[in-house]
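A.B. asks: Below are the structure tokens for one structure; questions will follow.
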Amino acid sequence: MAELEGTVALVTGASSGIGEATAEALAAQGAAVAVAARRKERLDDLVSRISDSGGKALALETDVTSQDQARAAVEQTVSELGRLDTLVNNAGVMLLGPVLDAPTEEWDRMVALNVQGLLYCSHAALPHLLSAAESSPRGVADLINIRSVAGRVARLGSGVYNLTKWGVGAFTESLRQEVTARNVRVSVVEPGAVATELTDHLRPEIREQSKERFAGIERLESEDIARTIEFIVRQPRRVAINEVLIRPTDQVF
């Protein structure tokens, strides 16, 4: 029997990249997976692929920056799939650039998605995760937040992105201390450079600078991060993987 058979996971930001790969990885281990993002057509394609492989998945068109929509995604997951054992807060955006003369609407987007969206989903999911930890044969549930190397090292031109990812780290550790005695493991995964759509949202001049900075580096693939998340979730109840930093071998900074 697949190791996560009988469990249910909700993955945000699942229409591409790390979220998409994570949903497929957890489904391959037997979990029923709810996938949430704004791009419904991509979610439908993902659900079809999981279903064709013998898994079970649910597409949830969701903007997690809306507390109502975040709560609804959690409630629909539990209503249609029966429970919630794993939440992966993956949705996020990286909008780099100097603070001076910055378009502050970019700051608003990052704070709304990277911080508030993560908080809304966590708040809605926690009662269900606690319930799952009490009732599951595995005796444990998981909440995993996707942070970044940027949550450890502040760099020129990354100030507000750094701020959001440092905040994710602080929230994760505080929440871990709050619920770990009730068998909800709270973990943070910190990727370095990954070949995803994350840089597509940068302004053209900033995107060019980023491209130059990472020239010559073989970036991680989304599947590399998904395997790490799968590893965290598959641990026995006694093992909590609290923090994982993953850089490309070529990435010095």
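A.B. asks: Highest mean first, how do 186-192, 55-61 rank when packing is the count of other Cβ atoms within 10 Å averaged over residues?
C.D. replies: 186-192, 55-61
A.B. asks: Let me ask something else about it. Mind jotting down the distance between the C-alpha centroids of segment 138-202 and segment 1-78, whole Å?
C.D. replies: 19
A.B. asks: Can I ask one more? Which value in nm describes the separation of the simple spin-label points at Ser174 and Asp68, placed 7 Å from the Cα toward the beta carbon?
C.D. replies: 2.7
A.B. asks: Could you tell me how many degrees, from 0 to 90 and to the nearest 10, lie between the Cα long axis of helix 204-213 and the main elongation axis, the longest principal axis, of the Cα atoms of the chain?
C.D. replies: Helix 204-213 sits roughly 80 degrees off the main axis of the chain.
A.B. asks: Another one. Lysines within cross-link reach of Lys211: Cα-Cα under 28 Å, excluding same-chain residues under 8 positions apart?
C.D. replies: The qualifying lysines are Lys165.
A.B. asks: Listed highest first by mean packing, meaning other Cβ atoms within 10 Å per residue, what order do 168-176, 21-29 come in?
C.D. replies: 21-29, 168-176
A.B. asks: Another question, then. Please determine, in degrees from 0 to 90 and to the nearest 10, the orientation of helix 159-179 with respect to the longest principal axis defined by the Cα atoms of the chain, where the helix direction is its Cα long axis.
C.D. replies: The two axes meet at around 20 degrees.
A.B. asks: Could you pull out every one of the lysines with an alpha carbon less than 23 Å from that of Lys40, ignoring same-chain neighbours closer than 8 positions?
C.D. replies: Those lysines meeting the cut-off are Lys56.
A.B. asks: Let me ask something additional. Quick one: the Cα spread of segment 8-246 along its three principal axes, in angstroms, biggest first?
C.D. replies: 52, 39, 35
A.B. asks: When the dipole is taken about the Cα centre of the chain, and only Lys, Arg (+1) and Asp, Glu (-1) are charged at their Cβ, what size is it in debye, to the nearest 20?
C.D. replies: Numbers: 27 positive and 35 negative charges, 140 e Å.
About 680 debye.
A.B. asks: When ranked by the protection proxy of mean other Cβ atoms within 10 Å per residue, highest first, what sequence do the peptides 137-150, 228-241 form? Mind showing how you got there, number by number?
C.D. replies: Numbers: 137-150: 22.5, 228-241: 16.5.
Those peptides, ordered most packed to least, come out 137-150, 228-241.
A.B. asks: With every atom except the alpha carbons ignored, what do you get for Rg and Dmax of segment 112-226, in angstroms?
C.D. replies: Spelled out, the Cα radius of gyration and Dmax of segment 112-226 are 16.7, 52 Å.
A.B. asks: Charges at C-beta only: +1 for Lys and Arg, -1 for Asp and Glu. How large is the resulting dipole of segment 124-179 about its Cα centre, in Debye rounded to 20?
C.D. replies: Using only the charged Cβ atoms, the result is roughly 340 debye.
A.B. asks: Give me the angle, in degrees from 0 to 90, between the Cα long axis of helix 222-234 and the longest principal axis of the Cα atoms of the chain, rounded to the nearest 10.
C.D. replies: Computed tilt is about 40 degrees.
Each reported figure results from applying straightforward, stated rules to the coordinates on display, with no laboratory input. Please read these numbers as outputs of a predicted model, since none were measured by experiment. Here the Cβ is made from the backbone with ideal geometry for all residues, glycine too, and neighbour counts use every protein chain on show.
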